[in-house]
Amino acid sequence: MNRREFMQCATLIVTGASASQLGFALSEEQSQYLASAPNYIHTAVSYFNAEQRAIVTAIADVIIPRDETPGAVDAGVPRYIELMVSDWFSDDERAIFDAGLKDLQTRVPLELGRPFVELEKDQQEQILEKLESAAGDSSWYEFGNVLRAFISDAPFICQIKELTVWGFFTSEVGATQVLRHDPMPMEFDGDYPLSPDDSTWSGGLTA
Amino acid sequence: MIESKSLDFDAIVVGSGISGGWAAKELTEKGLKVLVLERGKDLQHGSGYYGEHAPSWKLPHQGKIPRQLYDEEYPMAKRVFHSFSEANRAFWMNEKDNPYVVDEKNPFMWIRSDIVGGRSILWGRQTYRWSEQDFKANELDGHGIPWPVDYKEIAPWYSHVEKFIGVNGRAEGLPQLPDGEFQKPMGWFALEKTIEQRLQKKAPDVTLTSARTAILTEDLPGRSACHYCGPCPRGCSTGSYFSSQASTLPAARATGNLTLKANSLVERLEYDPGSERISRVHVIDTQSGERSSYSARIFFLCASTIASTQLLMNSASETFPAGLANSSGVLGHYMMDHTLGFSGMGVFLDNMDSYYHGNRPTGLYIPRFRNLNGQDEDADFIRGYGFQTMTLRTDWQTGFNKKGFGTKLKQSLRKPGPWIFTLSGFTECLPQQSNRMYLSRNKVDQYGVPQVAFEFEWSDNERAMRRDAMVHAERILKAAGAALVMPGNAEMSLPGEGIHEMGTARMGDDPGQAVLNRWNQAHDVPNLFVTDGSFMTSASCVNPSLTYMAFTARACDYAVKQLAAGAI
């Protein structure tokens with residue numbers, strides 16, 4: 001089977017019939033092919049108010065801005081963060097996040113005379129850098145901290161950074177336009193040319 | 001001999017996974033009418049693989065795991081993080097709904113599937129022959145009982161299985177890891193070739209070879225060569241890796257002799273004292289709760305080690321008060337698993353301008369190199385271990401917890417970092433009478449079947465090997481030229497974590513010490529065969545699935561000849 005035939009075959013399987021028509025016998029919640037499901041960030045959510053949403057959007061944009069390639073906002077990361085805070089965080093984690101956001105909402109206008117979202121980008125970055133240096137002791141920053149569970153007591157700045165970076169590089173925009181994506185390689189070449197400016201492949205999820 | 005005309009089937013096979021699929025194929029191809037009973041849900045090959053080829057942005061939470069759900073309903077399965085995910089969770093047994101007795105202080109990790117195809121959909125696909133040395137080990141050092149079968153006898157059955165399932169690998173001519181019928185090996189990373197050259201000079205006692213893996217690199221009838229998409233355990237609609245769904249069950253179906261019933265939990269085997277045979281199986285429909293029973297001439301237990309042993313124990317009768325076919329008293333004892341774990345990791349700065357294309361779904365392998373010619377002088381253990389290796393180029397996932405913001409952070413995260421090469425030791429486990437499973441006296445599952453409980457402790461020999469693996473991993477990584485060696489650990493994995501549980505109905509020539517004879521046939525009950533991991537008399541250090549398949553095929557051949565001769 002060559003690549004073209006394979007894609008045809010896969011397309012047929014995924015779109016040709018509903019799961020139940022194919023005799024699919026798994027549970028209701030699993031009865032949809034994930035490959036043809038809507039993107040996760042299209043899930044409905046309404047957890048932040050408008051001001052909070054604007055601050056989260058500004059922070060995501062500072063962490064991963066648009067330059068010659070799309071940034072976090074282009075990739076829908078603010079929506080990803082809202083979904084994860086709402087649906088995925090534990091109560092304790094959500095409390096840390098909410099407090100961190102509240103702190104920016106109240107403290108920044110008092111100290112700088114303007115709300116966070118109205119500051120220049122480099123001022124916003126300075127505020128985040130201060131948060132990061134204050135959080136420097138968190139085990140979140142430990143070297144090799146890779147295949148670990150989410151660190152439940154990580155401070156706000158670490159939470160939002162992890163959600164931004166994860167949400168960005170696993171998004172459709174981040175994975176295909178900033179990283180390189182090839183869902184059907186049809187070969188393994190272990191000595192493939194790499195130029196200094198090349199991005200990694202996306203799709204490093206093993207399971 | 002039991003008259004066949006009044007029976008429902010010629011043969012009943014319990015389980016549809018790696019062993020059950022082989023029993024179904026071999027028995028149906030020899031003309032028997034076969035019923036396969038699978039307790040898991042129905043699953044269609046191809047169309048049932050609901051997570052296949054789903055990109056990260058389609059997954060719930062874009063791949064971040066639902067922690068509370070996993071903690072509450074999949075506390076053991078979630079530890080198999082390289083295989084278990086939201087892209088295949090429905091294939092795994094819900095542990096909250098299907099409990100077993102877990103000793104909080106010393107838990108046993110029992111990993112179960114819940115689908116037609118069993119764990120053959122989810123397995124690691126590592127496929128190794130045992131060696132002459134493995135089959136002789138018990139006899140030589142006195143642990144366990146001697147194997148009644150040697151390498152020469154099983155070698156043709158290894159070939160029979162390998163040719164059908166498709167195994168890619170590289171012939172090495174090593175006595176401790178006999179070569180098989182290989183398809184062409186998968187490619188290597190440039191770094192792996194660099195490491196191989198350095199090891200040949202600086203650690204010549206060590207061989208680095210392609211992991212022998214049941215994934216096609218060349219097409220077989222009805223199955224395509226691997227397309228290197230990556231995550232095999234989501235299922236493979238092109239049948240590129242071996243599963244019973246892709247390979248043995250379609251072959252069995254093609255004979256017209258196969259009946260397969262999903263959602264069919266076998267509760268009990270009925271022993272008929274008059275004929276001294278099993279006469280029926282009693283089945284519970286896991287969806288409706290309805291009970292039924294089926295009769296046959298021969299019975300193959302392939303439900304996985306623990307489930308088959310549980311079934312024998314739950315089939316106790318007046319004749320066999322301690323469990324069916326258990327006149328020896330060894331049923332449930334001598335349980336083994338492989339201890340495995342991270343033995344060392346090297347960070348490499350070689351071949352930095354070389355990259356890869358495609359996701360190779362396997363690694364490399366370092367076959368056993370200890371105690372090969374008698375006992376090594378510096379080894380404080382008997383037997384040995386091998387290393388499975390993994391090579392990866394670091395990316396954003398291995399460095400997202402960096403400080404900094406903006407374009408600089410984005411640019412550093414999108415580009416590859418150094419190479420990482422890890423070694424994980426897989427050590428042989430000695431058979432010990434005290435390592436056992438048994439039926440709880442007071443806890444039953446939702447179907448009223450007594451729950452399984454475990455008592456299992458690693459021996460000092462396994463502990464010594466884990467330490468030795470760590471020492472040698474460091475030596476190998478240094479010889480390989482790692483810029484930085486990060487030592488591993490000698491921690492013991494949880495019992496069962498290797499998912500190679502075996503040995504609870506071992507085979508041997510002496511009926512007083514073994515449940516099964518050399519043909520996987522119960523000493524006590526001639527029409528009963530057990531061919532999953534239960535029969536294993538020792539564990540070797542290599543992955544066991546190929547050996548289960550080879551013994552299953554051989555037992556089917558024997559059983560059908562015995563039927564023809566009127567001996568069963």
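Checked against (1) closer than 27 Å to A:Asp189 by Cα; (2) in a loop (DSSP other than H, G, I, E, B), B:Gly256 passes all but condition (1).
Listed conditions (1) surrounded by fewer than 19 Cβ atoms within 10 Å (Cβ to Cβ); (2) modelled with pLDDT of 95 or more are all met by A:Glu29, apart from (2). For region A:100-138, enumerate the residues that are assigned to a helix (DSSP H, G or I), farther than 21 Å from A:Val85 by Cβ and open to solvent by less than 70 Å² (accessible area, probe 1.4 Å). Across region A:100-138, the qualifying residues are A:Pro109, A:Gln123, A:Glu125.
Looking across region B:101-121, the residues that are under 25 Å from B:Gly21 (Cβ atoms), part of a loop (DSSP other than H, G, I, E, B) and open to solvent by less than 20 Å² (accessible area, probe 1.4 Å) come down to B:Met109, B:Trp110, B:Ile111, B:Val116, B:Gly117, B:Ile121. Could you check, for region B:262-274, whether at least one of its residues is in a strand (DSSP E or B) and touching an Asp or Glu at 6+ places or on another chain (Cβ under 7 Å)? Yes: one or more hits. Comparison of B:Ser292, B:Ser327 shows that the only residue that is surrounded by fewer than 21 Cβ atoms within 10 Å (Cβ to Cβ) and in a loop (DSSP other than H, G, I, E, B) is B:Ser327.
When only residues in region B:474-494 that are assigned to a loop (DSSP other than H, G, I, E, B) and of a type in the set (A, V, I, L, M, F, W, C) count, which is surrounded by the fewest Cβ atoms within 10 Å (Cβ to Cβ)? Outline the logic, then answer.
Of all residues in region B:474-494, those assigned to a loop (DSSP other than H, G, I, E, B) come to B:480-483, B:488-494.
When the remaining residues are screened for being of a type in the set (A, V, I, L, M, F, W, C), the result is B:480, B:482-483, B:490, B:492, B:494.
Working: B:Ala480: 26, B:Ala482: 23, B:Ala483: 11, B:Ala490: 18, B:Met492: 16, B:Leu494: 16.
Here the residue is B:Ala483.
Tell me the residue from B:Phe426, B:Phe454, B:Phe421 that is within 14 Å of chain A (Cβ to nearest Cβ) and aromatic (Phe, Trp, Tyr), please. Break it down stepwise before answering.
Details: B:Phe426 fails: within 14 Å of chain A (Cβ to nearest Cβ); B:Phe454 fails: within 14 Å of chain A (Cβ to nearest Cβ).
Among B:Phe426, B:Phe454, B:Phe421, only B:Phe421 is within 14 Å of chain A (Cβ to nearest Cβ) and aromatic (Phe, Trp, Tyr).
Filtered by the rule that a residue be farther than 12 Å from B:Arg383 by Cα, open to solvent by 60 Å² or more (accessible area, probe 1.4 Å) and either assigned to a loop (DSSP other than H, G, I, E, B) or in contact with a Lys or Arg (Cβ under 8 Å, 6 or more places away or on another chain) (or both), region B:138-152 gives a lone residue, B:Pro146. With respect to the stated conditions, B:Tyr365 fails to be open to solvent by 10 Å² or more (accessible area, probe 1.4 Å) and either in contact with a His (Cβ under 8 Å, 6 or more places away or on another chain) or part of a strand (DSSP E or B) (or both). Anything in region B:226-265 that is more than 14 Å from chain A (Cβ to nearest Cβ), touching a Leu at 6+ places or on another chain (Cβ under 6 Å) and open to solvent by less than 20 Å² (accessible area, probe 1.4 Å)? List them, or say none. B:Ala252 - this is the single residue of region B:226-265 that is more than 14 Å from chain A (Cβ to nearest Cβ), touching a Leu at 6+ places or on another chain (Cβ under 6 Å) and open to solvent by less than 20 Å² (accessible area, probe 1.4 Å). Reported count of residues in region B:20-53, each being hydrophobic (A, V, I, L, M, F, W, C) and open to solvent by 10 Å² or more (accessible area, probe 1.4 Å), is 1.
Test B:Glu218 against the criterion of being more than 11 Å from chain A (Cβ to nearest Cβ) and farther than 21 Å from B:Met549 by Cβ, and give yes or no. Step through it out loud before you land on a result.
Details: more than 11 Å from chain A (Cβ to nearest Cβ): yes; farther than 21 Å from B:Met549 by Cβ: no.
Spelling it out, it is not the case that B:Glu218 is more than 11 Å from chain A (Cβ to nearest Cβ) and farther than 21 Å from B:Met549 by Cβ.
The values are calculated or read from the model by the stated rules, or taken from the named source; none is laboratory data. Model, not experiment: these values are computed from the prediction. Reconstructed Cβ throughout: ideal geometry from the backbone, glycine too, with neighbour counts over all protein chains shown. Please note that ligands, DNA and RNA were not included when accessible areas were found on the heavy atoms of the full protein model with its side chains. Shrake-Rupley method; radii C 1.70, N 1.55, O 1.52, S 1.80 Å.
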